[in-house]
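Peer 1: Structure provided below as structure tokens; questions to follow.
The values are calculated or read from the model by the stated rules, or taken from the named source; none is laboratory data. None of these values were measured; they are calculated from a predicted model. Heads up, the Cβs are rebuilt from the backbone with ideal geometry, glycines too, and the neighbour counts pull from every protein chain shown.
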Amino acid sequence: MGIDLPALPPETPPHEAGLRAAIKVDIVVIGAGQAGLSSAYHLMRLGLRPGRNFIVLDKNEKPGGAWQHRWPSLTLSTVNRVHDLPGMEFAEVVPAGETEARASVAVPGYFAAYEEKFRLPVYRPVTVKVVCNRFERLRVETDREAFSAGGIINATGTWETPQVPDYPGAALFQGRQLHSRDYRTAAEFAGQHVVIVGSGISALQHLDEISQVTTTSWVTRREPQFRDRPFTPEDGRAAVAIVEDKVRNGLVPGSVVSVTGIPWTPALRAAAARGALKRLPMFSEITAHGIRWPDGTEQRADVILWATGFRSSLDHLAPLQLRGENGGIVMAGRLATEIVKDPRIHLVGYGPSASTIGANRAGAAAARELAERLGLI
């Protein structure tokens, strides 16, 4: 677990049965990926005491966040750029030239070194089950201890909540259905016909790899938008501004690709040259042996791979009723991390900060704003 927990104060009055005593801290950071580690670093820089004023809860047994669960063929050359965490360059752990290193190994190695260098108070493995109001504080129930917090920085990302559309006939399909989260290697599909659903970067990586070993069909709801020119910092700022405007107005943030488009890479150009990027419109139903379009056209399939993204992992916050009727959360603060309905809670790695560089900046903003609100600085 790596840290010493504060003593258990008698937060629960003796006459209130059914509630266990809770460890009292000022701020609980939930999640130890890029967003959580950045937030913890900035809390420490503000003078907050690790393990006393704040603690980081991580459900994984080892450092690395969601990166440690990525498919083995995902290398540093194929991921979106891994930005440095504040105060320590990625190159200190992984030399710049090692572009073919597995992302699932290299990034967790970097995170582990980062936690060690700054002695961050990461408590693992511990899974947050639910967060609810407890008088003027927030009660964080886990599968181990309970915590009483003045505020929360939620940095749980999206990996735990894959999104699979509910399509007619899905239960009838006699083949295999899986999500990007379950993908391991293209070789396991050799000799089978694979339908890949989705227009994001992950979908195209799967399509590129699988189409080299077997036959594929690529299906998307919308026509994919490819970029012929490099993605510039100005493009990044414009994309973030669009998503930030959405969350400030309480809308559900869309995917990054829906704003930025898909950059052409040598791998994608090679896939196009061999005919793998022949996009088909979305089918209307799933049959026992494949898929069917509205005009009656059918395609037999052995596998349907849903590369349809993820939704924010916020189910543990459900008792706080933070979402509006449309499913969005109204956000405020300098970088739109503060929840308007409950300013004691900041979301980092959500909406405009759902990228490695965005998480760094948002972690700094959330740490300062929450610490100031709680009178800690």
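Peer 1: Taking only segment 161-216 into account, find how many residues are aromatic (Phe, Trp, Tyr) and more than 17 Å from residue 298 (Cα to Cα).
Peer 2: Taking segment 161-216 as the starting set, the residues that turn out to be aromatic (Phe, Trp, Tyr) are 167, 173, 183, 189.
Still in the list and also more than 17 Å from residue 298 (Cα to Cα): 183, 189.
Of the residues in that region, 2 qualify.
Peer 1: Let me ask something else about it. Among what's in segment 145-185 and is of a type in the set (Gly, Ala, Ser) and under 24 Å from residue 292 (Cα atoms), pick the residue that is surrounded by the most Cβ atoms within 10 Å (Cβ to Cβ).
Peer 2: Only one residue tops the list, namely 180.
Peer 1: Continuing with this model, one more query. Would you be able to say whether some residue in segment 307-329 is surrounded by 14 or more Cβ atoms within 10 Å (Cβ to Cβ) and farther than 29 Å from residue 157 by Cα?
Peer 2: No: segment 307-329 contains no residue that is surrounded by 14 or more Cβ atoms within 10 Å (Cβ to Cβ) and farther than 29 Å from residue 157 by Cα.
Peer 1: With the requirement that a residue be in contact (Cβ under 8 Å) with a residue 40 or more places away in the chain and in a loop (DSSP other than H, G, I, E, B), what does segment 39-54 give you?
Peer 2: Residues satisfying the conditions are 46, 47, 48, 51, 52, 53.
Peer 1: In addition: I'd like the full set of residues that are free of Cβ contacts under 8 Å to residues at least 60 places away in the same chain and of a type outside the set (Gly, Ala, Ser), limited to segment 108-133. Can you show your working first?
Peer 2: Keep residues of segment 108-133 that are free of Cβ contacts under 8 Å to residues at least 60 places away in the same chain, which gives 108-110, 112-113, 116-117.
Result: 108, 110, 116, 117.
Peer 1: Here's another thing I want to ask about it. Could you check segment 315-364 and list, in sequence order, the residues that are touching a His at 6+ places or on another chain (Cβ under 6 Å) and either more than 21 Å from residue 27 (Cα to Cα) or part of a helix (DSSP H, G or I) (or both)?
Peer 2: Kept after step one, since they are touching a His at 6+ places or on another chain (Cβ under 6 Å), are these residues of segment 315-364: 337-338, 356-357, 363-364.
Hits for segment 315-364 are 356, 357, 363, 364.
Rundown of residues vs (1) of a type in the set (A, V, I, L, M, F, W, C); (2) at positive phi; (3) out of contact with any strand residue (DSSP E or B) (no Cβ under 7 Å at 6 or more places or on another chain), yes/no style:
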| residue | (1), (2), (3) |
| --- | --- |
| 248 | no, no, no |
| 253 | no, no, yes |
| 260 | no, no, yes |
| 285 | no, no, no |
| 309 | no, yes, yes |
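Peer 1: Looking for whichever is in contact with a strand residue (DSSP E or B) (Cβ under 6 Å, 6 or more places away or on another chain), among the charged types (D, E, K, R) and modelled with pLDDT of 90 or more here; the options are 137, 221. Which one fits? I'd like the intermediate steps shown before the answer.
Peer 2: Details: 221 fails: in contact with a strand residue (DSSP E or B) (Cβ under 6 Å, 6 or more places away or on another chain).
Among 137, 221, only 137 is in contact with a strand residue (DSSP E or B) (Cβ under 6 Å, 6 or more places away or on another chain), among the charged types (D, E, K, R) and modelled with pLDDT of 90 or more.
Peer 1: Would you please list the contacts, defined by Cβ atoms under 9 Å and residues six or more apart or on different chains, that run from a residue in segment 295-322 that is more than 20 Å from residue 172 (Cα to Cα) to a residue that is basic (Lys, Arg) and not in a loop (DSSP other than H, G, I, E, B)?
Peer 2: Pairs found: 310/181; 316/129.
Peer 1: Given the condition in a loop (DSSP other than H, G, I, E, B), crowded, with 16+ Cβ neighbours inside 10 Å and at pLDDT 95 or above, answer yes or no: does some residue in segment 106-123 qualify? Write out each step before concluding.
Peer 2: Residues of segment 106-123 in a loop (DSSP other than H, G, I, E, B): 119-121.
Adding the requirement that they be crowded, with 16+ Cβ neighbours inside 10 Å leaves 120-121.
Adding the requirement that they be at pLDDT 95 or above leaves 120-121.
The answer is yes; a qualifying residue exists.
Rundown of residues vs (1) on the phi < 0 side of the Ramachandran plot; (2) among the β-branched types (Val, Ile, Thr); (3) at pLDDT 90 or above; (4) in the same structural domain as residue 208 (by TED's automatic domain parsing), yes/no style:
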position	(1), (2), (3), (4)
256	yes, yes, no, no
265	yes, yes, no, yes
270	yes, no, yes, yes
315	yes, no, yes, no
325	yes, no, no, no
